[in-house]
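Peer 1: Just passing along the structure, written as structure tokens.
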Amino acid sequence: MTAYMDHKDLTNETIEPRRAAEIRDGARRVLDRIATAELEAGRPEGSVTLLAATKTRDVGEIMAAIDAGVRMVGANRPQELVAKIDGLRYCCSQRGLTVGVHDFDVEDGNDPSAMATVDSTHIPVHLIGQLQANKIGKILPYANVVESVDSLDLATKIARRAVVRGNAVGVMLEVNESGEESKSGCRPEEACDLAGAIGELDGVELTGLMTIGAHVDDETEIRRCFADLRGLRDRIAASGMTGTAGCRELSMGMSGDMELAIREGATIVRVGTAIFGPRAFI
Ligand SMILES: *Cc1c(COP(=O)(O)O)cnc(C)c1O
């Protein structure tokens, strides 16, 4: 268990009105920033989905963001998602919303590629943090997409578990575009081959690519990483390789660099701090 989980009750559903207003304002500001960036990039309104990065935030805080219009939730740690999912499901159902994977997905055969299409009453859950193989079983009942797949080994293990469960799970290939040692993700040179191999697997649906932007001040370098990821996505989607035609999403851009990412074609931006404020825990 991560230390902050001992200090904060992540299942808490009731937050101070002032805190709720702060989060609603934050989420609305981010949605405005996205709309402006779409316009400036000459992209259609609504072509970028805001994913709320919810690490360290409790159910009440996440619901405040949802009440402001957030329609995708990102979780970093499996055990954190497990702790919060019941509360999220309950609070969402009170609002006529659904969140994460549902029993009906399992019964009807989940189609994760359809998850990307706009359904304003469903809130997909994406795992955005590193996934250890022994936690795969924990998250498959809840997560629609695992964004942090960076090896064929991990993809294969996820695929096997998903086949046993009887519903496919979306996966995105995480690419380490900046080359920073501290970052997870496959090397850009490997991405095409890996995507092809993942596309062959039953049980997973390759929905796109993900990257964490370069941790530098140089905008040119940050944009280069994002543009490179887009180039990879285009190559993969046009390759004709089995199972890669649905590789459409580009999850890139966070609080500090979402405008640059949107200019380079992001379809999902993952934002924490700009919605919820600075994290009290890391
Ligand atoms: C925390 C996190 C984000 C959001 O970061 P902010 O700078 O708080 O917006 C995005 N992606 C991943 C993988 C994260 O862990």
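Peer 1: Given the options Glu40, Glu200, Glu181, state which has the largest fluctuation in a GNM of the chain using a 10 Å cut-off (strictly under) for Cα springs.
Peer 2: Glu181
Peer 1: Still on this model: In bins 10 Å wide, starting from 0, what share of all Cα pairs of the stretch 135-251 does each bin hold, as a percent?
Peer 2: In order of increasing distance, the bins hold 15, 47, 29, 9, 1 percent.
Peer 1: Tell me, what is the percent relative contact order of the stretch 10-275, built from C-alpha pairs under 8 Å that lie six or more residues apart?
Peer 2: 19 percent
Peer 1: Over the chain, with a Gaussian network built from C-alpha contacts below 10 Å, which listed residue (Ala191, Ala83, Ala168) shows the highest mean-square fluctuation?
Peer 2: Residue with maximal mean-square fluctuation among Ala191, Ala83, Ala168: Ala83.
Peer 1: If amide H atoms are built 1.01 Å from N in the plane of the peptide, which residues on other chains or at least 5 residues away come under 5 Å of the amide H of Arg248?
Peer 2: Placed amide hydrogens put Gly208 under 5 Å from Arg248.
Peer 1: Tell me which DSSP H helices of the chain clear both cut-offs, 30 Å or more of axial length from alpha-carbon atoms and a mean Kyte-Doolittle hydropathy of at least -1.0.
Peer 2: Span-like helices here: 17-40.
Peer 1: In addition: Over the alpha-carbon set of the stretch 10-275, work out the extent along each principal axis and list the three values in angstrom, largest first.
Peer 2: Rounded to whole Å, the extents work out to 50, 45, 33 Å.
Quick note: the coordinates plus some simple rules give every number you see, no bench work behind them. In this text the structure is predicted, and so the values were computed from the model without any measurement.
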